[in-house]
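Accompanying notes for the structure given below.
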Amino acid sequence: MFKKLKKHIFPIAKFFFDKYIVKDRNYTYEGITVQINEEVFPPKFTISTKILLEYIKPLHITGKNFLELGCGSGIISLFAASKGANVTASDINQVAIDVLKEASITNEISLNVVYSDLFENLSDQHFDYIIINPPYYPKAPQNDKERAWFCGEDFEYFEKLFAQLPQYISPNTWMILSEDCEIDHIKKLAVKNGLTFELIFEKSVVKEKNYIFSIQKS
Ligand SMILES: C[S@@+](CC[C@H](N)C(=O)[O-])C[C@H]1O[C@@H](n2cnc3c(N)ncnc32)[C@H](O)[C@@H]1O
């Protein structure tokens, strides 16, 4: 019931959210500051980014090859790089790429920032960690900003991702999803490509359950 209600509330909430984000603001985590550009997924007002940051915090990732696929503001990538990982941050949104390159300079944290549609420009690379906070509402995105939220009417984002992922998969390939999204359908699309989901972390925030899944080859 609450879940259904939230699905209807989302477009209204998004309207007010867009109104609020009338100009760029900042988000700071562990002394790292990123700009919240209105064209880019906002880590400040959403739960998923913070859950991933807290999940990554205790990990020993020094020297590990770390990919954040769809990095948005890049706060996760910058944090992982500050912990000594060799980070690649990729996104299909050119504004996100440009803003993150600037944040890398202002925070004096080095990382590899790549414009890429999923793995298109990341071929032949090996990653020890792959972190994905995907768009999951089933609607066609009208522009790059909406790609942060909408995965296509027929879940095209996931279809394409799961077709490419088996080539790159590592023991630490993680995806965060909310109970708000159609998890069972997304899992079925993964299974079609020989992938399975294992729940490794769960957290409820404001009555919304969030899950981190490890994705593995079946
Ligand atoms: C929910 S946001 C997550 C942003 C960031 N990882 C975080 O946790 O704050 C999803 C991100 O995926 C990016 N994205 C969507 N489709 C993509 C694609 N086909 N290839 C690469 N990135 C994509 C969006 O531009 C957006 O930045």
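The values are calculated or read from the model by the stated rules, or taken from the named source; none is laboratory data. All of these numbers come straight from a predicted model, not from anything done at the bench. Because the Cβ atoms are built from the backbone with ideal geometry, glycine has one as well, and the counts that use them run over all protein chains shown. Only protein heavy atoms, including side chains, enter the accessible area calculation; ligands, DNA and RNA are left aside. Shrake-Rupley method; radii C 1.70, N 1.55, O 1.52, S 1.80 Å.
Here the stretch 58-168 is treated as a Stokes sphere of Kirkwood radius computed over C-alpha pairs; at 4 °C and 1.567 mPa s its diffusion coefficient rounds to 91 µm²/s.
With a 1.4 Å probe and all protein chains kept in place, how do His126, His60 rank by accessible area, largest first?
Accessible-area ranking of His126, His60, largest first: His60, His126.
Once the Cα-Cα distance is subtracted from the 0.36 nm per residue extended length, the Asp184 to Thr33 segment shows a gain of 50.8 nm.
Our summary gives the chain a relative contact order of 15 percent, counting only alpha carbon pairs under 8 angstrom and 6 or more residues apart. Here the dipole of the stretch 137-218 is about 220 debye; that uses its Cα centre as origin and unit charges on the Cβ of Lys and Arg (positive) and Asp and Glu (negative). Extension gain for the segment Gln94 to Phe45, taken as residue separation times 0.36 nm less the Cα-Cα distance, is 15.5 nm to one decimal.
Leaving ligands and nucleic acids out of the surface, order Ile109, Ile200 by accessible area at 1.4 Å, largest first.
Numbers: Ile109 25, Ile200 60 Å².
Accessible-area ranking of Ile109, Ile200, largest first: Ile200, Ile109.
A simple charge model with +1 on the Cβ of Lys and Arg, -1 on the Cβ of Asp and Glu and nothing else charged puts the dipole of the stretch 2-217 at about 760 debye relative to its Cα centre. Per-residue SASA remark: Lys187, around 70 Å² accessible (1.4 Å probe; ligands, DNA and RNA not included).
Normalised radius of gyration (Cα atoms, divided by 2.2 N^0.38 Å) for the stretch 117-218: 1.05. Short version: ³J(HN,Hα) in whole Hz for each residue of the stretch 145-150, in order, from phi by Karplus 6.51 cos²θ - 1.76 cosθ + 1.60 (θ = phi - 60°), x for Gly and Pro, what are they? Result, ordered by residue: 4, 6, 5, 6, 10, 10 Hz. Note that the chain presents 50 Å² accessible area per residue, ligands and nucleic acids not counted, probe 1.4 Å. Backbone geometry of the stretch 113-120 corresponds, through the Karplus equation with coefficients 6.51, -1.76 and 1.60 at θ = phi - 60°, to 3J(HN,Hα) couplings of 10, 10, 6, 7, 7, 6, 8, 3 Hz, x marking Gly and Pro.
The alpha carbons of the chain give a radius of gyration and a Dmax of 16.4, 47 Å, in that order.
For the stretch 2-217, carbon and sulfur atoms together expose 52% of the accessible surface, with a 1.4 angstrom probe and every protein chain in place. To check you understand DSSP bridge types, tell me what percent of the beta bridges within the chain (both residues inside) are antiparallel, rounded to 5. Given both bridge residues lie in the chain, the antiparallel proportion sits at roughly 55 percent.
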